[in-house]
1. On the given criteria, is residue 103 open to solvent by 100 Å² or more (accessible area, probe 1.4 Å), farther than 26 Å from residue 58 by Cα and either part of a loop (DSSP other than H, G, I, E, B) or at pLDDT 65 or above (or both)?
2. Let me spell it out: the conditions are (1) in a helix (DSSP H, G or I); (2) of a type in the set (A, V, I, L, M, F, W, C); (3) modelled with pLDDT of 70 or more, and residue 89 meets all of them except one. Which number is the exception?
3. Right, residue 98: modelled with pLDDT of 80 or more and closer than 21 Å to residue 71 by Cα or not?
4. Report, by residue number, each residue of region 9-53 that is among the hydroxyl-bearing types (Ser, Thr, Tyr), part of a helix (DSSP H, G or I) and open to solvent by less than 60 Å² (accessible area, probe 1.4 Å).
5. Please determine, by comparing only the residues of region 54-72 that are closer than 23 Å to residue 124 by Cα and either surrounded by fewer than 15 Cβ atoms within 10 Å (Cβ to Cβ) or among the polar types (S, T, N, Q) (or both), which one is modelled with the highest pLDDT.
Amino acid sequence: MVRPRMYWEAVASYNAAFLDQPMVAQYGFHLNLIQVHMPDEMAQNFSDDNALHVLLHNWIPLDWVDHTYTYGMVYLEQQFHNPTMSLDIFCKIDNKCHQRLLRYGTPPAISQWDGWREISEDDHYRLLFKHDEERALPKSPEAKGLYYYIGMDPNQ
């Protein structure tokens, strides 16, 4: 979903559809975020519309999504060099991204959040081990693409 202003358009559509309850982004130290859970085999079918729905459902600020643009581009670039990345999918995403860049320009970053860095090798392995630990945890048979509050026990 590395396409400039795509979330802005989704918010505008949402606001037009729900005039009495427009999207009001949540800010602050205590955020109420709802996480999506889905089996690994469903991840291939997770679309831009699904991602936009999750962002809207969580009232994620527009500037936060804009700020992630550079990270998304770096991630896609790394995936492009990964043999499991489909060149057709990458080119399709890349072409749409270029069209939007020409139309809207590069999204602005949040200056207070600048300072992204490449992860170190230690960070990479720490994340891999954390991911393996989470995969080893028992899965709820009822967790099939449902939303849960962060911290909520999905088995209840």
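1. yes
2. The number of the failed condition is (3).
3. No.
4. 14
5. Here the answer is 68.
The values are calculated or read from the model by the stated rules, or taken from the named source; none is laboratory data. Not measured: the values here are computed from a predicted model. No Cβ is skipped: glycine too gets one built from the backbone with ideal geometry, and neighbour counts run over all protein chains shown. These area figures cover heavy atoms from the full protein model, side chains too; ligands, DNA and RNA do not enter into them. Shrake-Rupley method; radii C 1.70, N 1.55, O 1.52, S 1.80 Å.
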